[in-house]
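The values are calculated or read from the model by the stated rules, or taken from the named source; none is laboratory data. The model shown is predicted, which means the values in this text are computed figures rather than measured ones. Glycine also receives a Cβ, built like all others from the backbone with ideal geometry; neighbour counts cover every protein chain displayed. SASA here: full protein model, heavy atoms, side chains in, ligands and nucleic acids out. Shrake-Rupley method; radii C 1.70, N 1.55, O 1.52, S 1.80 Å.
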Amino acid sequence: MKTTFKEEEKNFVMYFEGRLDTAASAEVEKSMAPLYECSGHDIILDCTALEYISSSGLRLFLGLLKAAKPKGSHVYLRNMNEDLRQVFAMTGFINLFEFI
Amino acid sequence: MRLSPHCEALLQEFIDLRPQLILLDNKIFELLQTTMQQQGIELNSIEHRIKGVESLAGKLERKGEKYHSLSDITDLIGLRIVTFYTDDVDKVAAIVSQLFDIDWSNSVDKRKLHDFNSFGYNSLHYICQLHEGSIPFEIQIRTALQHTWSAIEHDIGYKGAVKLPPQYRRQFSRLAGMLELADDEFSRLRTTMTEYRRQIQTLVKSGNLSDVTLSTDSFRSYLELHPFERLNQRIAAVNQAELFPASLMPFLRVLEHFGMESLGDVQAMVDDLSDTAYQLALSQLAVTDLDILSESVGLQNLCVVYALKHGGGRDDVKMIYDTLYGANESNAILADAMIRQYKAIGQKQ
């Protein structure tokens, strides 16, 4: 699992590549730390190359959403494939995020 | 500006006293703000200010000889509490008179100064002191509409040096009457709506759900009964999942789209379709290790089952997702997947 953090046009963007499962989640959580300093920025989680997400991955995304909302930042999920989108629908989390 | 030695002395005393007045002003403001919050009174605003040196000098020039000491000037510190509703003016006034000692002989209720056939400035002016003693300060209490009227009247009524002809004064007076009427109507509306909500809550609690029209208020009251909790718990048990809090209010539009008219219709869906909704969720989740779910999971599955049981198809399921998540072509793919699952549990479309 690989993550890359970039600042693009004032947005904080994180690129996810591979499988975000329980084994990868601890490392990914550390790499997501800069996203928590998001005052004044929106966050884009780019899922173009994300192949799989487990409950641990969902928790990371939800934790970030919970921290970003009070700061007025939006969390967008970008280019999520249909299988992953179905996971978000199945768990009922789809309406918590904004998809682009 | 020329001031008498007496007035000059008062002005200098005021300048020396200003730092203490600022502290006192902040103390009173914070006390008022905290108390109003504790009493659950929502206010439009609380304004507070210390009189400006220029402004006091002007006052002293005009009528300085009548003030023997600074404490005879009661508006060195001024606060203005602006309420939304006229009922709240009296409530706030009662609280203010508990918090401070009121100098009733110098306090004015402008509302009572009008004859039955005149309208105009309506505001309560209380001259107060701290219980433990302090320099006097003034608290004005009025509604937002009174405040607006007063600000406009001040702006266009008093700025010019020319005295206004009677017809313009009458126009002000008519507007004041209209705002007074509007203030009363807003208060009446609030009372009516509070009563309506109370009735709805009673009906919901007593279980007479068929008598309750489906609306934002009634659905919110219904949700307080946690009608989907049992279904959510059953679904969560599939993977021993944690339930993440979520608002269910967005589902109201879906239910209205189904043509549901009363809470009875919603409850009938819960009673009749919870088993199928559970089966549908089970078929999706059992093959995963997802152990975190949103609290919307039960109602979402109920809505899908309801749409399909009532002869709906792909477009109807897509409508649910479009309504909840925003229109998106990907929602058709979600709808297809859901219909496949629905058939997989032995349900006929």
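Indicate the gyration tensor shape class of the stretch A:32-96 (rounded, prolate or oblate), computed on the Cα atoms with a ≥ b ≥ c the square roots of the eigenvalues: a/c under 1.5 is rounded; otherwise a/b larger than b/c is prolate and the rest oblate. Numbers along the way, then the final one.
Working: a/c = 1.94, a/b = 1.69, b/c = 1.15.
The shape class here is prolate.
First select every other residue whose beta carbon is under 14 angstrom from the beta carbon of B:Asp271; then total the charges, Lys and Arg +1, Asp and Glu -1. Value of the local net charge: -1. Rounded to whole numbers, the Karplus 3J(HN,Hα) couplings from phi for the stretch B:140-146 are 9, 10, 7, 7, 4, 5, 4 Hz, using 6.51 cos²θ - 1.76 cosθ + 1.60 with θ = phi - 60°, and x at Gly and Pro.
FRET efficiency for the pair B:Glu132 and B:Asp103, taken as 1/(1 + (r/R0)^6) with r the Cβ-Cβ distance and R0 = 25 Å, rounds to 0.95.
Sites listed here are GluC sites (Glu not before Pro) in the stretch A:17-60 whose DSSP assignment is loop and whose Cβ has at most 15 other Cβ atoms within 10 Å: A:Glu37.
Quick one: of the DSSP bridges fully inside the stretch A:2-99, what percent are antiparallel, nearest 5?
Working: 7 of 21 bridges.
Antiparallel bridges: around 35 percent, rounded to the nearest 5.
Normalised by the number of residues in the stretch B:216-347, the average gap of Cα pairs under 8 Å and 6 or more apart makes the relative contact order 29 percent. To the nearest ten degrees, helix B:5-38 and the longest principal axis of the Cα atoms of chain B are 20 degrees apart.
Can you give the FRET efficiency to the nearest 0.05 for B:Phe29 and B:Ser206, using r as the Cβ-Cβ distance and R₀ = 35 Å?
Numbers: r = 45 Å, r/R0 = 1.29.
E(calc), rounded to 0.05, equals 0.20.
Quantify how much of the Cα-Cα distance distribution of the stretch B:216-347 extends past 26 Å, in percent.
Details: 1375 of 8646 pairs.
Percent of Cα pairs beyond 26 Å in the stretch B:216-347: 16.
Paramagnetic label reach from B:Glu61 (point 7 Å along Cα→Cβ; backbone nitrogen cut-off under 15 Å): within the stretch B:1-28, residues B:1-5, B:7-8, B:11. Note on B:Gln199 and B:His154: the extension gain reaches 11.8 nm, defined as 0.36 nm multiplied by sequence separation minus the Cα-Cα distance. Between A:Ser56, A:Tyr76, B:Leu263, whose Cα lies farthest towards the positive end of the dipole of the protein assembly as shown when Lys and Arg beta carbons carry +1 and Asp and Glu beta carbons carry -1, centred on the Cα centre? The one lying farthest along the dipole's positive direction is B:Leu263. Once the C-beta distance of B:Asp315 and B:Ala286 is scaled by a Förster radius of 25 Å, the resulting FRET efficiency is 0.35 to the nearest 0.05.
Using 14 Å as the cut-off for backbone N distance, which residues of the stretch B:218-233 belong to the label zone defined by a point 7 Å from the Cα of B:Ile345 along Cα→Cβ? It comes to B:231-233, nothing else.
Kindly compute the accessible surface that chains B and A hide from a 1.4 Å probe when together, both sides summed, and give it to the nearest 100 Å². Please list the in-between numbers first.
Numbers: alone 19700 and 5620 Å², together 23430 Å².
In total, this chain pair buries about 1900 Å².
Take the Cα of B:Leu181, step 7 Å toward its Cβ, do the same at A:Ile100, and the gap between the two points is 5.1 nm.
For the stretch A:1-99, the list of trypsin sites (Lys or Arg not before Pro) that fall in a loop by DSSP and count at most 13 other C-beta atoms within 10 angstrom reads A:Lys10.
Using a probe of 1.4 angstrom and keeping all protein chains present, the accessible surface of the stretch B:187-235 works out to 63 square angstrom per residue. Calculated mean residue ellipticity, 222 nm, chain B: -19500 deg cm²/dmol, from DSSP H runs (n ≥ 4) at -39500 (n - 2.57) each, averaged per residue and rounded to 500.
Which longest uninterrupted range of chain B lacks any trypsin sites (Lys or Arg not before Pro) assigned by DSSP to a loop state (not H, G, I, E or B) and surrounded by at most 10 other Cβ atoms within 10 Å?
It runs B:164-347.
Whenever you get a sec, compute what percent of the accessible area on the protein assembly as shown sits on carbon and sulfur atoms (1.4 Å probe). So the carbon and sulfur contribution to the accessible surface is 50 percent.
A simple spin-label model places the labels of B:Asp275 and A:Tyr76 4.7 nm from each other, with each point 7 Å out along Cα-to-Cβ. Shape descriptor for chain B: Rg over Rh equals 1.21 (Cα atoms; Rh from the Kirkwood inverse mean 1/r). Cross-link partners of B:Lys343 among aspartates and glutamates, defined as those whose alpha carbon lies under 18 angstrom from its own and excluding same-chain residues fewer than eight positions apart: B:Asp275, B:Asp315, B:Asp316.
Against chain B, whose longest principal axis comes from its Cα atoms, helix B:229-238 is set at around 50 degrees.
Among beta bridges from DSSP that stay inside the protein assembly as shown, the antiparallel ones total about 50%.
Among A:Lys71/B:Lys318; A:Lys71/B:Lys51; B:Lys205/B:Lys348; A:Lys30/A:Lys71; A:Lys6/A:Lys69; A:Lys6/A:Lys71, which pairs are too far apart, with a Cα-Cα distance over 29 Å?
Values: A:Lys71/B:Lys318 33 Å; A:Lys71/B:Lys51 37 Å; B:Lys205/B:Lys348 36 Å; A:Lys30/A:Lys71 20 Å; A:Lys6/A:Lys69 20 Å; A:Lys6/A:Lys71 20 Å.
As for pairs spanning more than 29 Å Cα to Cα, those are A:Lys71/B:Lys318; A:Lys71/B:Lys51; B:Lys205/B:Lys348.
Evaluated at q = 0.07 Å⁻¹, the base-10 log of the normalised Debye intensity for the protein assembly as shown, with identical point scatterers placed on the Cα atoms, takes the values -0.62.
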